[in-house]
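A short reminder: the numbers here are calculations on the coordinates, not readings from a lab. As the structure is a prediction and not an experimental result, all values here were calculated from the model. For neighbour counting, all protein chains shown are included, and Cβ atoms are generated from backbone atoms with ideal geometry for every residue, glycine included.
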Amino acid sequence: DAGVTQSPTHLIKTRGQHVTLRCSPISGHKSVSWYQQVLGQGPQFIFQYYEKEERGRGNFPDRFSARQFPNYSSELNVNALLLGDSALYLCASSRAGPRFRNTIYFGEGSWLTVV
Amino acid sequence: GQQLNQSPQSMFIQEGEDVSMNCTSSSIFNTWLWYKQDPGEGPVLLIALYKAGELTSNGRLTAQFGITRKDSFLNISASIPSDVGIYFCAGLADGNTGKLIFGQGTTLQVKP
């Protein structure tokens, strides 16, 4: 089975622009989470979606939004980009739910550079 | 953002040596996960721990879930050059939110 897939892998945007990042979870996984990783730090939680509903939100401004589709894939949207949004954006998937142990797998990430 | 206390921050060791790193938290976690991240890539899951006191191995890697549920350690035995990378611990407090709290990472360098 394919792992967590993310697109695009790299992109450059200008301040003030909007960006959409995409993620497909591992087959059978219904939970998708998004993380931001800036250079030299561990990933920081942005959102979690499970069964198409937001189940958790980290300490990020409203410029960040996400959604999950019926096939469990997900999009992360960031509006009004700032230079400080430059980071590696990671998508993670898990089976989630009370019947499953929560083992969380990450994709390769999308490198966003804001200039 | 919230982080775990991971130590050491970096290690430079000789090939064949054993390595030990640990994470501590002021909060209780229900799950501890250990990841390795190579430059430019996403974190790769190494070991998952689900129960206090649990000791789990994956090849030359061994990790333990602390009895207090506030700490975990990872050992790597007989290190090899491909062990080079950044190792992260991550704790999961609520099993249904997927909100992992990460340590700052331990950068491991292995001298052949």
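Run the reach check for residue B:99 against lysines, Cα to Cα strictly under 27 Å, same-chain hits fewer than 8 apart removed. What comes back?
A:30, A:52, B:36, B:51, B:70
Tell me, what ³J(HN,Hα) does each residue in the stretch A:71-86 have, in order and in whole Hz, if you take phi through Karplus 6.51 cos²θ - 1.76 cosθ + 1.60 with θ = phi - 60° and put x for Gly and Pro?
Going residue by residue, I get 8, 6, 5, 9, 10, 10, 10, 10, 9, 6, 4, 10, 4, x, 7, 4 Hz, with x marking Gly and Pro.
Using θ = phi - 60° and the Karplus relation 6.51 cos²θ - 1.76 cosθ + 1.60, list the HN-Hα couplings for the stretch A:36-53 in order, rounded to whole Hz, with x at every Gly or Pro.
10, 10, 8, 4, x, 10, x, x, 10, 5, 10, 8, 10, 10, 9, 6, 6, 10
Return the long-range amide H neighbours of residue A:60 (sequence gap of 5 or more, or a different chain), with a cut-off of under 5 Å between placed amide H atoms.
Amide H neighbours of residue A:60: none.
Take residue B:70 and residue B:26, extend 7 Å from each Cα along the Cα→Cβ direction, and tell me the distance between the two endpoints in nm.
That separation, rounded to one decimal, is 1.0 nm.
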